[in-house]
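A.B. asks: Can you keep this structure in mind? I'll have questions shortly.
Derivation of every value follows stated rules applied to the coordinates shown; laboratory data play no part. These numbers come from a predicted model, not from an experiment. Cβ coordinates were reconstructed from backbone atoms using ideal geometry, including for glycine residues, and neighbour counts include every protein chain displayed.
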Amino acid sequence: MSSAPAAPHDASPERSAAAAFVDHVLAVADAEVRKLRHDPLELLTRAVQPTLWLAVFGQVIAHLRGVPTGALSYLDFMAPGILAQSVLFIAIFYGIAAIWERDLGILHKYLVSPASRTALILGKALSAGVRALSQAVIVYILALLMHIDASFRPAAILGVLVLIILGSALFSTFSLVIACLVKTRERFMGIGQVLTMPLFFASNAIYPLSLMPAWLRAISTLNPLTYQVDALRALMVRGGASSFGLGVDFGVLLAACGLMVAFAARLYPRMIT
């Protein structure tokens with residue numbers, strides 16, 4: 001008597017779990033990105049800061065010619081730093097949304113969903129990265145208007161977009177960690193304002209590391225923003241080069257982002273206590 005044909009094997013539990021994890025991450029990211037539809041004016045207001053830095057500060061310093069930038073003009077040198085700065089300033093206040101979600105009861109719904117804490121944090125980090133991509137469009141438009149020698153090679157633009165997503169994910173999860181610890185909007189805004197300028201000025205965004213005193217240079221090498229700017233300068237500007245190497249730049253950002261995601265996932269449930 002012949003045996004019945006074997007039933008087709010279901011997908012392995014590991015693969016099913018991985019697919020569900022990805023679905024949860026994308027679902028959270030999609031929900032966050034959809035918020036832009038209700039506030040399209042946000043995209044316009046984001047253009048103000050990089051415009052002021054490049055059109056006012058950059059033009060003034062470029063005329064002074066007091067900053068040694070090698071073969072690059074000062075505006076060429078500065079443009080990647082202003083892009084990184086714009087991403088930082090948006091991402092560092094991302095955590096306040098988590099405080100609003102707690103006050104509105106949305107956070108409770110997230111935490112009782114089947115999505116893991118890591119998936120929730122990664123979804124929010126990914127959405128922050130996608131929302132920050134508008135800054136690249138703004139800075140590239142300014143580059144064209146101000147005759148900055150930007151590179152428009154497809155591979156270079158793809159690398160810039162990846163760096164923006166990585167940097168925004170890193171600083172937005174750092175912001176979530178702060179929100180999980182302080183838990184109030186007033187404290188969060190104060191700490192966010194305290195952190196943004198030191199992170200910006202202790203980096204190579206608007207002047208090279210060689211101009212810094214030794215103590216500030218040591219701090220700068222521990223600042224993830226330094227590595228983001230370093231990679232952006234190599235990819236975004238013709239003639240730009242990475243001081244640390246693109247592999248090191250991407251590696252530092254990935255490692256720092258992974259560390260922040262792990263911290264945020266561990267602390268996230270504390271938001272409701």
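A.B. asks: Please check: in the Gaussian network model of the chain (C-alpha springs, under 10 Å), which one of Ala150, Ala125, Ala20 has the largest mean-square fluctuation.
C.D. replies: Top of the fluctuation ranking is Ala20.
A.B. asks: Turning to a different aspect of this structure: Among Ala79, Ala128, Ala214, determine the one that fluctuates most according to a GNM of the chain built with springs between C-alpha atoms less than 10 Å apart.
C.D. replies: Maximum among the listed residues: Ala214.
A.B. asks: Just in the stretch 49-131: which trypsin sites (Lys or Arg not before Pro) are loop by DSSP and have at most 16 other Cβ atoms within 10 Å? It would help to have the intermediate numbers written out before the result.
C.D. replies: Working: sites: Arg65, Arg102, Lys109, Arg117, Lys124, Arg131; in loops: Arg65.
Those satisfying the criteria are Arg65.
A.B. asks: Normalised by the number of residues in the chain, what is the relative contact order in percent for Cα pairs under 8 Å and 6+ residues apart?
C.D. replies: Values: 338 pairs, mean separation 70.9, N = 273.
About 26 percent, as a whole number.
A.B. asks: Whole Å is fine, so just give me how far the alpha carbon centre of the stretch 208-225 lies from that of the stretch 93-160.
C.D. replies: That distance is 26 Å.
A.B. asks: Quick one: dipole size for the stretch 19-272, taken about the Cα centre, charges +1 on Lys/Arg Cβ and -1 on Asp/Glu Cβ, in debye to the nearest 20.
C.D. replies: Values: 19 positive and 12 negative charges, 79 e Å.
That gives the stretch 19-272 a dipole magnitude of about 380 debye.
A.B. asks: Provide the FRET efficiency to the nearest 0.05 for the Arg266-Leu144 pair, computing r from the beta carbons and using R0 = 30 Å. Working shown, then result.
C.D. replies: Working: r = 44 Å, r/R0 = 1.46.
According to the calculation, E is roughly 0.10.
A.B. asks: How about the stretch 142-185: which chymotrypsin sites (Phe, Trp or Tyr not before Pro) there lie in a loop by DSSP and see at most 12 other Cβ atoms within 10 Å? Don't jump to the answer; show the numbers that get you there.
C.D. replies: Values: sites: Phe152, Phe171, Phe174; in loops: Phe152.
Sites meeting the loop and neighbour criteria: Phe152.
A.B. asks: Just need log10 I(q)/I(0) for the stretch 57-120 at q = 0.15, 0.18 Å⁻¹, Debye formula, equal scatterers on the alpha-carbon atoms, no solvent, rounded to two decimals.
C.D. replies: Computed log10 I(q)/I(0) values: -0.63, -0.74.
A.B. asks: Largest first and in whole Å, what are the equivalent-ellipsoid semi-axes of the stretch 19-272 based on the Cα gyration tensor, each being the root of 5 times an eigenvalue? Don't jump to the answer; show the numbers that get you there.
C.D. replies: Details: eigenvalues 205, 68, 60 Å².
Value: 32, 18, 17 Å, ordered largest first.
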